[in-house]
Amino acid sequence: MRHRVKRHRINRPKDHRTALLRNQARELIEHGSIVTTISKAKALKVFFDKLMSKAVKAASADDKIKSMNLRRQINRHLNDKRLTNKFVDEIASRYVGRSGGYTRIVRIGYRRGDGAEMAIVQLVSSETSEE
């Protein structure tokens with residue numbers, strides 16, 4: 001039985017898994033979309049949406065201390081202050097009115113070498129229904 005088991009383990013030890021997710025989150029912030037396997041994409045979606053929620057709160061916070069605290073929490077995962085500032089100021093500020101669902105997984109077929117199912121993970125367009 002799999003009661004109370006909620007994380008994607010992706011067949012890696014904890015340290016390797018966290019390093020992988022952090023690297024993929026960095027690449028997603030820098031490039032806007034990445035190509036990876038389905039299982040890694042599903043694990044990344046959960047990890048990245050939590051980071052994006054913190055970034056949106058930091059972008060919309062009026063209190064500088066709260067914003068700074070959230071930026072430090074994000075920087076703990078990204079390990080790059082420039083990237084953290086870009087993430088909060090440029091990317092997350094576009095999603096302030098949105099309450100979740102910041103990434104999209106698009107299946108693109110199977111990898112030629114080993115037949116693993118591949119996907120594109122991309123940021124959802126920031127347009128909200130403000131018409």
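If r is the Cβ-Cβ distance from Met1 to Lys42 and R0 is 30 Å, what FRET efficiency results, to the nearest 0.05? Before the final figure, lay out each step's value.
On the way: r = 21 Å, r/R0 = 0.71.
FRET efficiency, Met1 to Lys42: 0.90.
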Worksheet item: With charges only on Cβ, +1 for K and R and -1 for D and E, what is the dipole size of the chain about its Cα centre, in debye, rounded to 20?
Response: 900
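I'd like the carbon and sulfur percentage of the solvent accessible area for the chain, probe radius 1.4 Å, heavy atoms only, ligands and nucleic acids excluded. Could the numbers behind the result be given before it?
Working: 4090 of 8840 Å².
Accessible surface attributable to carbon and sulfur in the chain totals 46 percent.
Can you give the FRET efficiency for Ala19 and Met68, using 1/(1 + (r/R0)^6), R0 = 25 Å, r = Cβ-Cβ distance, to the nearest 0.05? Mind dumping the intermediate values first?
Working: r = 26 Å, r/R0 = 1.03.
That pair, Ala19 with Met68, gives E of 0.45.
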Worksheet, complete the sentence: FRET efficiency for Ser60 and Arg82 from the Cβ-Cβ distance with R0 = 22 Å, rounded to 0.05, comes out at 0.55
Practice prompt. Calculate how steeply helix 14-31 sits against the longest principal axis of the alpha-carbon atoms of the chain, using the helix alpha-carbon long axis, and give the answer as 0 to 90 degrees to the nearest 10.
Written response: 60
Worksheet item: In degrees from 0 to 90, rounded to the nearest 10, what is the angle of the helix 64-78 Cα long axis to the longest principal axis of the chain?
Response: 20
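In this model, which of Lys14/Lys64; Lys42/Lys66; Lys40/Lys64; Lys6/Lys54; Lys14/Lys50; Lys50/Lys86 are farther than 23 Å apart at the alpha-carbon? Please list the in-between numbers first.
Numbers: Lys14/Lys64 34 Å; Lys42/Lys66 30 Å; Lys40/Lys64 35 Å; Lys6/Lys54 20 Å; Lys14/Lys50 18 Å; Lys50/Lys86 17 Å.
In this structure, Lys14/Lys64; Lys42/Lys66; Lys40/Lys64 exceed 23 Å between Cα atoms.
In Å², what does the accessible area per residue of the chain work out to with a 1.4 Å probe? Don't skip to the end; give the middle numbers.
Details: 8840 Å² over 131 residues.
It amounts to 67 Å² per residue over the chain.
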Practice prompt. Quickly work out the His31-to-Ile108 label distance, labels modelled 7 Å from Cα along the C-beta direction, and quote it in nm with one decimal.
Written response: 0.8
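The values are calculated or read from the model by the stated rules, or taken from the named source; none is laboratory data. Model, not experiment: these values are computed from the prediction. Neighbour counts run over all protein chains shown; Cβ positions are idealised from the backbone, glycine included. For accessibility, only protein heavy atoms count, side chains too; no ligands or nucleic acids. Shrake-Rupley method; radii C 1.70, N 1.55, O 1.52, S 1.80 Å.
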